[in-house]
Amino acid sequence: MSGLAVRAAAAVRSPEGRAPEDRPAALDYFRDLLTPFGEKPDEELLNRGAHVQHRDLVDLLVADEGVGRSRPELLVVTHALPDVVPFTAVAPHMTDRLGGRAANFAIAQQGLAAPFTALRIASAYHRAGRAAEVVIAVLEQTTLPTPFPLVQDTPLIDSAAALVLGAGGGEGAAAGTDAEDGLRFVRAHSAASAAEALGADALGRDLGEDGTLLVLGPWVTGDVPESSAVHRVAPGSYCTSLWLELADHWQEWRESHRRIVLCDTDPRSGRSHVALFARGEG
C-alpha cells in the first residue's frame, strides 16, 4: 500500500472572537481544577481573551472546501493548549461534520509534539489498511484561566490547521500527476536538539541535497545543518506554526522541491521534532 500524501489543507488565523459563554460553569470548573494546586482562575484575564473555542476553529476548518468534502476513516485532533470551555468533545464534533464514520480521538499534553505523533499514528493506521483517508487537525486557542508566559510574552494568536491525507497525488495536483507526484509523508521523529534531529543519520540523507526545503518553526534556535533552501516561520503560534505554513504552501512547495523537512523545538521541553514529506517517496 502506498503511503499517505497530502490531498488538501486549510489554515485559520485570528478568527473573530465571541462573548464568553457558560461563564459561571466555566469558572466553577476552573476553580475545581486549580484549587488543589493553590491557584484560582484569573477572571480579568479570562474576560480579556477572545474566547475562540476549539469547536469554532474546527467549524472554520471544515468550512474550507477541500477539508469539508473529505470523508476520513481516521480523524485526530491535536492541541498543546487547552480549550477555553472544556465541555465539548471536539474530535467527535469534527467527525460528525465530515461524514460521521471516522475513528476519532484527541492528542494533548505533548506540547508541539502532538501533530508529529498524530502523523505517526495516521501512517500506522494507513499501512494496516484501517484508514484510506485521514484528517489531522491542529488547534490553538489562547484564552486561559491563569497567566501562561508562552501565550502572553510571545504573544500567540488563535489559529488552526488541518491536513487531509490519503493515497495518491490528491486534490489540487497538477494535471497529469499521479500517486508518485504526491507530497507524501515519509517519517517523523524527535531528538534532543534541532541539529541532532536534522542530522543525516536521523533523516537518512543530507539536508544539503538539491531539492530539499527546510521549514524551521519559530522556536528553533542555535545552529542547524545547511540546507539547499530554508523557510523560517514567523512567531505568533506554539504548536500550529509549521502546519499553518504547510497548509498555505504545500502545493507550491510540492512543485518546487523534492523533499520538505519541517522542524520545530518545543520551548518547554527543549526537544526538537521533525517531519519529512517527499514527492514520490514511500
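The values are calculated or read from the model by the stated rules, or taken from the named source; none is laboratory data. Predicted, not measured: the structure shown is a model, and the values here were computed from it. Quick reminder, even Gly has a Cβ in these numbers, built from the backbone with ideal geometry, and neighbours come from all protein chains shown. To get the accessible areas, we keep the full protein, side chains included, count just its heavy atoms, and leave off ligands, DNA and RNA. Shrake-Rupley method; radii C 1.70, N 1.55, O 1.52, S 1.80 Å.
Among the numbered conditions (1) of a type in the set (Ser, Thr, Tyr); (2) touching a helix residue (DSSP H, G or I) at 6+ places or on another chain (Cβ under 7 Å); (3) open to solvent by less than 10 Å² (accessible area, probe 1.4 Å), the only one that residue 70 does not meet is (2). Counting only residues that are open to solvent by 90 Å² or more (accessible area, probe 1.4 Å) and either at pLDDT below 95 or within 14 Å of residue 143 (Cα to Cα) (or both), region 8-28 holds 3 of them. Among the residues of region 47-79, those identified as at pLDDT 95 or above and over 18 Å from the mean Cα position of the chain (by Cα) are 65, 69, 71, 73.
Taken as a whole, region 246-264 holds at least one residue that is under 14 Å from residue 277 (Cβ atoms), assigned to a loop (DSSP other than H, G, I, E, B) and open to solvent by 10 Å² or more (accessible area, probe 1.4 Å). Would you confirm, using the coordinates I've provided, whether residue 151 is in a loop (DSSP other than H, G, I, E, B) and at pLDDT below 95? Criteria not met by residue 151. Within the span defined as region 3-15, every residue fails to be out of contact with any Pro (no Cβ under 6 Å at 6 or more places or on another chain), among the small types (Gly, Ala, Ser) and either in a helix (DSSP H, G or I) or without any contact (Cβ under 8 Å) to a residue 40 or more places away in the chain (or both). Residues in region 93-104 include none that are within 18 Å of residue 262 (Cβ to Cβ) and buried (at least 21 other Cβ atoms within 10 Å of the Cβ). The residues listed here are 111, 129; of these, the one that is on the phi > 0 side of the Ramachandran plot, open to solvent by 50 Å² or more (accessible area, probe 1.4 Å), touching a residue at least 40 places away in the same chain (Cβ under 8 Å) and not polar (S, T, N, Q) is 129.
On inspection, residue 82 qualifies as open to solvent by 20 Å² or more (accessible area, probe 1.4 Å), over 17 Å from residue 161 (Cβ atoms) and under 16 Å from the mean Cα position of the chain (by Cα).
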